[in-house]
1. Criterion first (touching a Cys at 6+ places or on another chain (Cβ under 7 Å), open to solvent by less than 10 Å² (accessible area, probe 1.4 Å) and among the hydroxyl-bearing types (Ser, Thr, Tyr)) does Thr144 satisfy it?
2. Which of the residues spanning segment 87-108 are hydroxyl-bearing (Ser, Thr, Tyr), part of a loop (DSSP other than H, G, I, E, B) and surrounded by 18 or more Cβ atoms within 10 Å (Cβ to Cβ)?
3. Could you tell me which residue of segment 156-185 is surrounded by the fewest Cβ atoms within 10 Å (Cβ to Cβ), considering only residues that are among the small types (Gly, Ala, Ser) and away from the ligand (no atom under 12 Å from the Cβ)?
4. Taking the options Val58, Val41, name whichever one is within 19 Å of the chain's Cα centre (by Cα) and crowded, with 21+ Cβ neighbours inside 10 Å.
5. Could you check segment 235-255 and list, in sequence order, the residues that are in contact (Cβ under 8 Å) with a residue 40 or more places away in the chain and either open to solvent by less than 30 Å² (accessible area, probe 1.4 Å) or under 18 Å from Ile220 (Cα atoms) (or both)?
6. Quick check: anything in segment 147-159 in a loop (DSSP other than H, G, I, E, B), farther than 26 Å from Ile221 by Cβ and not hydroxyl-bearing (Ser, Thr, Tyr)?
7. I'd like to know if segment 268-287 contains one or more residues that are assigned to a loop (DSSP other than H, G, I, E, B), buried (at least 16 other Cβ atoms within 10 Å of the Cβ) and either in contact with a helix residue (DSSP H, G or I) (Cβ under 6 Å, 6 or more places away or on another chain) or in contact (Cβ under 8 Å) with a residue 60 or more places away in the chain (or both).
8. Among the residues of segment 111-125, is there at least one that is charged (D, E, K, R), closer than 24 Å to Ala177 by Cα and within 13 Å of the ligand (Cβ to nearest atom)?
Amino acid sequence: MVDLSIDCGGLRLANPVMPAAGTFGHELGQAIPLSRLGALVTKTITPGKRLGNPTPRVAEDASGMLNSIGIPSKGAEHFIAEAIPLYAAIGVPLVVSLSADTVPGFADLCRAVSIPGIAAVEVNISCPNIEDDGRAFAMRPETTLRVMEALRAATDLPLWAKLTPNTGEIREVARAAEDGGADALVVANTILAMSVDLASRRPTLGNVMGGLSGPAVKPIILRMAYQCVRSVDIPVIGCGGIATADDALEYMLVGCPAVQVGTATFLHPGAMLDVIDGIERYCEAHGVLSVGEIVGGLREPVISDGAAWEAST
Ligand SMILES: Cc1cc2nc3c(=O)[nH]c(=O)nc-3n(C[C@H](O)[C@H](O)[C@H](O)COP(=O)(O)O)c2cc1C
C-alpha cells in the first residue's frame, strides 16, 4: 500500500492529482468518480457575467489544442448559489479559480468567495487586466506583487497563484507571487499561439490568438516548473501537457508535490484516474512507501562551468 497523500499549499490532499481550471465541470462526474481526485479546481469565475470570446474558440493542433475561450462566466453570485453545493457534495477539497481585470475588483471577488465550502483560492493572474495595458498581472514581477498583496489581504484561505508562461521573467514573477503572500504557485497557464486554416485562409480561432495546451507544451512548462521550484520556498503545482502518470512523475521529480491535468481529459475522461493509478504503480515498483518521497528526487548532473549553466537557463 502506497501513501499517496501529500501536503500542498495549505491543503492535505488524498493524492497529488487534480483538474486544471476550465477543463473540468461537475458533469465529468457522469463519467468518472470525482471523489477519487486529490482536489477539484473550478473554471475561473469573474465578478460579473461575461460572454467570452468570438467563436471558434478551440482548434486542434498537431500535438495539442488552441483555445480562446475568454472566460465566459455567470458571475460570482451564481457560482456561490448554484455551483458550490454541487461541488461540495463530491467531498474533496474545492479550489475556486478567480480572475478580475482590476486589483480592487480581484480583491473584492476573493473576499466574496472566501466562505465555508471553499478549501483554497487559485488566482488566475494570467489573464489580461485593464490596469497594465491589457498585460496579464503575472507578466511582470511588479504587477504580480501588487495584485498578490491585495489578494492576500482579502482572504485567510490558502492562496494559489497561477502563473503565465508568456513572461520572460518566470523566476522573478514566481518570487513576487511568493513575496505577495501566495501559499503555492500553479505553473502554468497556456502559451500564446495561433494557427491558420489553409482552406479559408483565416485564423482558426475567432480571436486570432489563443493559448496552446496539451503534450506540445510539456517540456516548456516542465522547465518553468523546475526553475520556479528553485526560486521559491512555496510548493509549485505542475500544470502543462500532463496526459499520463509518466508526465506527472516528471513534474514530481523536478519538485512539484501535485499536478493538474487539463487537455488530456478532453481526449480521455478517465485520464486523471489513470495518472493516479500510474503514480501508485510507479511507487510500488520502486519501493516508494509515500509519494512525497519522490518529490524533488531529480538526480541532477554536476555542472562545474557556471557560465555554461547560466547560458542554458
Ligand atoms: C478549453 C480550456 C479552458 C481553460 N480555461 C481556463 C480557465 O478558466 N482558467 C485557467 O486558469 N486556466 C484555464 N485553462 C488553462 C488550463 O487550466 C491549463 O493551465 C492549460 O491548459 C495547461 O494544461 P494542459 O496542457 O494539461 O491542458 C484552460 C485550458 C483549456 C484547454
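1. On the way: touching a Cys at 6+ places or on another chain (Cβ under 7 Å): no; open to solvent by less than 10 Å² (accessible area, probe 1.4 Å): yes; among the hydroxyl-bearing types (Ser, Thr, Tyr): yes.
So Thr144 does not fit the description; no.
2. First pass over segment 87-108, keeping only residues hydroxyl-bearing (Ser, Thr, Tyr): 87, 97, 99, 102.
Add one more test, that the residue is part of a loop (DSSP other than H, G, I, E, B), and what stays is 99, 102.
Of everything in segment 87-108, just one residue is hydroxyl-bearing (Ser, Thr, Tyr), part of a loop (DSSP other than H, G, I, E, B) and surrounded by 18 or more Cβ atoms within 10 Å (Cβ to Cβ), namely Ser99.
3. To start, the set of residues in segment 156-185 that are among the small types (Gly, Ala, Ser) comprises 161, 168, 174, 176-177, 180-182, 184.
Those still in the list that are away from the ligand (no atom under 12 Å from the Cβ) too: 168, 174, 176-177, 180-182, 184.
On the way: Gly168: 8, Ala174: 30, Ala176: 26, Ala177: 32, Gly180: 21, Gly181: 17, Ala182: 27, Ala184: 27.
Ranking the candidates gives Gly168 first.
4. Working: Val58 fails: crowded, with 21+ Cβ neighbours inside 10 Å.
From the options Val58, Val41, the qualifying one is Val41.
5. Initial filter on segment 235-255 (in contact (Cβ under 8 Å) with a residue 40 or more places away in the chain): 235-241, 248-249, 252-255.
Once the filter is applied, which keeps residues that are in contact (Cβ under 8 Å) with a residue 40 or more places away in the chain and either open to solvent by less than 30 Å² (accessible area, probe 1.4 Å) or under 18 Å from Ile220 (Cα atoms) (or both), segment 235-255 yields Val236, Ile237, Gly238, Cys239, Gly240, Gly241, Ala248, Leu249, Met252, Leu253, Val254, Gly255.
6. Residues of segment 147-159 that are in a loop (DSSP other than H, G, I, E, B), as a first pass: 155-158.
Pick out the ones that are also farther than 26 Å from Ile221 by Cβ and you get 155-156.
From what is left, the residues that are not hydroxyl-bearing (Ser, Thr, Tyr) are 156.
Yes, segment 147-159 contains a residue that is in a loop (DSSP other than H, G, I, E, B), farther than 26 Å from Ile221 by Cβ and not hydroxyl-bearing (Ser, Thr, Tyr).
7. Scanning segment 268-287, I find no residue that is assigned to a loop (DSSP other than H, G, I, E, B), buried (at least 16 other Cβ atoms within 10 Å of the Cβ) and either in contact with a helix residue (DSSP H, G or I) (Cβ under 6 Å, 6 or more places away or on another chain) or in contact (Cβ under 8 Å) with a residue 60 or more places away in the chain (or both), so the answer is no.
8. Taking segment 111-125 and keeping what is charged (D, E, K, R), we get 111, 122.
Narrowing further to those that are closer than 24 Å to Ala177 by Cα: 111, 122.
Now drop any that are not within 13 Å of the ligand (Cβ to nearest atom), which leaves 122.
There is at least one residue in segment 111-125 that is charged (D, E, K, R), closer than 24 Å to Ala177 by Cα and within 13 Å of the ligand (Cβ to nearest atom).
The values are calculated or read from the model by the stated rules, or taken from the named source; none is laboratory data. Model, not experiment: these values are computed from the prediction. Ideal geometry is used to build each Cβ from the backbone, glycine not excepted, and the neighbour counts take in all protein chains shown. Accessible surface areas use protein heavy atoms only, side chains included; no ligands, DNA or RNA. Shrake-Rupley method; radii C 1.70, N 1.55, O 1.52, S 1.80 Å.
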